[in-house]
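Report on the structure given below.
The values are calculated or read from the model by the stated rules, or taken from the named source; none is laboratory data. As the structure is a prediction and not an experimental result, all values here were calculated from the model. Cβ: placed from backbone, ideal geometry, glycine included. Neighbour counts: every protein chain shown. Accessible surface areas use protein heavy atoms only, side chains included; no ligands, DNA or RNA. Shrake-Rupley method; radii C 1.70, N 1.55, O 1.52, S 1.80 Å.
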Amino acid sequence: MSLHPVSLGTPDGAGIWIGAVLTLFVFSFLYKDNPFYKFAEHLFVGVSAGYYIILNWWTVIVPNLLQPLQKAFAGTGVDAAHHGMFAAELGDYRGWLLIPGVLGVLLFTRLFGKIGWLSRWSLAVIIGVYAGLKTTGFAQGDLVAQIQASLQPLWTGQLASSLNAILFTVGLIASLLFFFFSREHKGALGVASKIGIWFLMVGFGAGYGYTVMSRVSLLIGRLQFLLDDWLGLTR
């Protein structure tokens, strides 16, 4: 099996070489922390930050703040003749976007020591609004959905699915009893809590195994890139 590295003479080839060199720089951390790894790390963080700043500027700030404000103050707001009396009574709401715009600017006052306290107003609004909106969202999406998924019949007409439902119900009740700290875990409660520990450990182990598998998948992808795209071992 011979090596056929990709040529540097084309833009695609140059990009593959840059990606391969940076990948090797990252893998060099397996030996020890070194300047090559730090360079790749800082480059990745910097490029990612710059990319997401530009992405959010053009996909969030410009269409949701700057363009509506420009139309509002340019006199091209809500057309009452087109939208009827309801729009004429309400007027153009887009001028109120100045308030979140100012709050967003105040976040950057944390970079200046004397007026850094102004950013607390913005943070208070963000945290309060986010908590208020997400409380009901998480309750409906997570809590209620999980409770509904837990309410399943123990006998479904098929042995395999019925055993699965019974095992799930036993694990759910035992796991919940493990977190019941109003009484000392003795007797039946102690036995149930120990069973709950086993179910919790199986759940945590499965989650950890899934995480390891995803990381190994990323490693395999990088190795395939080095061996196939860069060195051309399969060509």
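Tabulated results
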item: Which labelled figure in [x] 18.0; [y] 25.6; [z] 17.2 is Kirkwood radius over Cα pairs in Å, once derived from the coordinates; result: [y]
item: Probe 1.4 Å - accessible area at His4, Å² to nearest ten; result: 90
item: Region 7-76: C-alpha gyration tensor shape, a/c 1.5 cut-off, then a/b vs b/c; result: oblate
item: Region 174-222, relative contact order [Cα under 8 Å, separation at least 6], %; result: 36
item: Cleavage-rule hits, chymotrypsin sites (Phe, Trp or Tyr not before Pro), region 177-235, DSSP coil, Cβ neighbours within 10 Å at most 13; result: Phe179, Phe180, Phe181
item: Helical segments meeting 15 Å axial Cα length and Kyte-Doolittle 0.0 threshold in the chain (DSSP H); result: 11-27, 35-56, 119-138, 159-178, 187-224
item: Rounded, prolate or oblate (a/c below 1.5 giving rounded, otherwise prolate when a/b exceeds b/c) for region 108-235 by Cα gyration tensor; result: oblate
item: Dipole of the chain, positive end: most advanced residue of Asn34, Thr23, Asn164 [Cβ charges, Cα centre]; result: Asn34
item: Rel. contact order, % - alpha carbon contacts under 8 angstrom, at least six apart, region 147-235; result: 17
item: Separation in nanometres of the label points that stand 7 Å from Cα toward Cβ, at Val170 and Lys38; result: 5.6
item: For the chain: relative contact order, % (alpha-carbon pairs under 8 angstrom, 6 or more apart); result: 22
item: Gap separating the Cα centres of region 101-123 and region 140-172, nearest whole Å; result: 49
item: Exposure of Val47 as accessible area (Å², to 10), given a probe of 1.4 Å and all protein chains; result: 90
item: All lysines inside 25 Å of Lys186 as judged from Cα atoms, apart from same-chain residues fewer than 8 positions distant; result: Lys194
item: Virtual spin-label span in nm between Trp155 and Ser7, 7 Å along Cα→Cβ; result: 7.4
item: Inter-label distance for Trp17 and Tyr130, nm, one decimal - labels placed 7 Å from Cα along Cα-to-Cβ; result: 4.4
item: Cα Rg, Dmax (largest Cα-Cα span) when computed across region 96-167, Å; result: 23.5, 71
